[in-house]
Amino acid sequence: MMLRFFLSIKTFLWLAGLSIVVFLAGSLYIPQNLDIFSEINEMPLFGWLNKNSDYLDKIYWIYILILLMGLMSVNMLVCTVDAIIKKTRLRGLVRVLSPQIIHISILIVLLGHGISALTGYKEDVTLKPGNLYRVRGFTIRLDDIEFFKRPDQSSTTWRIHISIDDKPHIIEVGRPSFYKGVGFFAKSAYRKRKKAIIGLVNDPGAGWEVAGAVLFVIGAVGIFYTKIGKEE
């Protein structure tokens, strides 16, 4: 009975429809509670949920969404395995496998998001010259803030010179530095107050997300290839 439930396409459609309804209903809480939801993009999801556990009456819908997405993932996985077992002996292997590759790619992307939500982190650090900062196992020092104008721009821009574990790094907006799998991003700099704000981002699921995206493209190309073959 349970297997039949997860093998049904109607199950996926119902779960997807319920997810949309829950998301739309839950999104009504966001404008009314910006003091709670303003940080949701600034830190991993599960860390944010744990931090705001006292506001369960306003964030409960996110837990429901996670449950529905988990059920949809199981549904896709079961359908994919069933299709491969039953149809790989038939002709047109590309036609059979391409949709399953897309299903697997979505699962891999969701896995990557889950890994980042569980084990990743985002943290902003304010740096001042001459001080050492111990953050997430790194020793960070602000060496210099360089303000300058590019030849093709009229406004002043800046870059930050920092040392991470005594290794020099230069970061500016749009040009982060990566060290031991962690991204160091320039967020702001102040000439008069002589300080800079940088952001540390650890996204351990990024590799899975990229792999899922590549598989998705492969599956999409396979479907396109089979459609062209039918027309010819």
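The values are calculated or read from the model by the stated rules, or taken from the named source; none is laboratory data. The shown structure was predicted, so the numbers you read here are calculated from the model rather than taken from an experiment. Here the Cβ is made from the backbone with ideal geometry for all residues, glycine too, and neighbour counts use every protein chain on show.
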Open item on the list: Looking at the structure I just gave you, is THR226 in a strand (DSSP E or B), in contact (Cβ under 8 Å) with a residue 40 or more places away in the chain and polar (S, T, N, Q)?
Closed with: no
Task: Those residues of region 147-176 which are surrounded by 14 or more Cβ atoms within 10 Å (Cβ to Cβ) and over 18 Å from LYS195 (Cβ atoms), in sequence order - done: PRO176
Task: Residues of region 118-134 classified as surrounded by 15 or more Cβ atoms within 10 Å (Cβ to Cβ), hydrophobic (A, V, I, L, M, F, W, C) and closer than 19 Å to MET43 by Cα, total - done: 1
Task: Total residues in region 173-232, condition among the charged types (D, E, K, R), farther than 30 Å from PHE46 by Cβ and in contact with a helix residue (DSSP H, G or I) (Cβ under 7 Å, 6 or more places away or on another chain) - done: 0
Task: Filter result for GLY112 (buried (at least 17 other Cβ atoms within 10 Å of the Cβ) and either within 30 Å of LEU97 (Cβ to Cβ) or modelled with pLDDT of 90 or more (or both)) - done: yes
Open item on the list: I'd like to verify a number: residues in region 193-214 that are part of a loop (DSSP other than H, G, I, E, B), over 30 Å from GLU146 (Cβ atoms) and not small (Gly, Ala, Ser), how many?
Closed with: 1
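This table checks each residue for (1) crowded, with 18+ Cβ neighbours inside 10 Å; (2) not in a helix (DSSP H, G or I).
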residue: TYR60; (1), (2): no, no
residue: MET76; (1), (2): yes, no
residue: CYS79; (1), (2): yes, no
residue: VAL94; (1), (2): no, no
residue: ILE145; (1), (2): yes, yes
- [ ] Take the residues in region 40-56 that are surrounded by fewer than 17 Cβ atoms within 10 Å (Cβ to Cβ) and in contact with a helix residue (DSSP H, G or I) (Cβ under 7 Å, 6 or more places away or on another chain), then tell me which one is farthest from GLU123 (Cα to Cα).
- [x] TYR55
Open item on the list: I'd like the full set of residues that are surrounded by fewer than 15 Cβ atoms within 10 Å (Cβ to Cβ) and aliphatic (A, V, I, L, M), limited to region 15-39.
Closed with: ALA16, ILE20, VAL21, LEU24, ALA25, LEU28, ILE30, LEU34
Task: Any hit, region 175-196, residues being over 29 Å from GLY114 (Cα atoms), among the hydrophobic types (A, V, I, L, M, F, W, C), over 19 Å from the mean Cα position of the chain (by Cα) and at pLDDT 85 or above - done: yes
